[in-house]
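The values are calculated or read from the model by the stated rules, or taken from the named source; none is laboratory data. In this text the structure is predicted, and so the values were computed from the model without any measurement. Note: ideal-geometry Cβ built from the backbone for every residue, glycine included; neighbour counts use all protein chains shown. The area values use the complete protein model at the heavy-atom level, side chains included, leaving out ligands, DNA and RNA. Shrake-Rupley method; radii C 1.70, N 1.55, O 1.52, S 1.80 Å.
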Amino acid sequence: MTKENLNEIFKNLFSVSKKAFKSGVDVSKVAIDKAGKAATKFGDESILKIEIKQLEFQIKKSMRELGKYVYESFANEKRASVSAEDSVIVKLLEDIKNAEKEIGARVAKLKAQTGSDFVPSEDDDAADAQPVKTEDSDLEDAKA
């Protein structure tokens, strides 16, 4: 083998190596780009779902405050009735309606992103309820 043949072989080898490396880099760039887009999409969907949960919690909280206010109006203040025009009630009802609208907007956005329906949580306060122990149940527990 001559020096010129060796030079030609090394040039070809270098050229092939360079093309293979460039091809590998290009494939990696495409894969990283796809993974980044998937992660962004997943992150955006997760954020929307978390925001929906937070809004659902706000609705439950406002409903509890509304119930507490009505109860205290009757029990503590001895009021005969409450009005939907009461400023506290108006504010709480407004908060609930606004949160419901925000949930609707986020559900629509989520549907546009995923192409599938997202159903917010059912309003299941039974899961939040804690058993209340009374003196009678204490007696029954003591008998057992």
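Couple of notes before you dig in:
- Filter result for the condition that a residue is outside any loop (DSSP other than H, G, I, E, B), charged (D, E, K, R) and more than 18 Å from the chain's Cα centre (by Cα), over LYS60, LYS49, LYS41, LYS34: LYS34
- Meets criteria (surrounded by fewer than 13 Cβ atoms within 10 Å (Cβ to Cβ), touching a residue at least 12 places away in the same chain (Cβ under 8 Å) and under 24 Å from ILE103 (Cα atoms)) for LYS41: yes
- Filtered residues of segment 99-123 (kept if β-branched (Val, Ile, Thr), touching a residue at least 40 places away in the same chain (Cβ under 8 Å) and closer than 15 Å to ILE50 by Cα): ILE103, VAL107
- Test: LYS101 is surrounded by 13 or more Cβ atoms within 10 Å (Cβ to Cβ) and in a helix (DSSP H, G or I): no
- Residue among ILE9, ILE47 that alone is under 30 Å from ARG106 (Cα atoms) and without any contact (Cβ under 8 Å) to a residue 24 or more places away in the chain: ILE47
- Any hit, segment 63-85, residues being open to solvent by 90 Å² or more (accessible area, probe 1.4 Å), modelled with pLDDT of 90 or more and under 24 Å from the mean Cα position of the chain (by Cα): yes
- When PHE57, PHE42 are screened for being closer than 15 Å to SER121 by Cα and among the aromatic types (Phe, Trp, Tyr), only PHE57 passes.
- Within segment 69-98, residues that are assigned to a helix (DSSP H, G or I) sit with their Cβ atoms under 6 Å from residues that are of a type in the set (A, V, I, L, M), at 6+ positions apart or across chains, in these pairs: TYR69/VAL88; VAL70/VAL82; SER73/VAL82; LEU92/LEU66; ILE96/ILE59.
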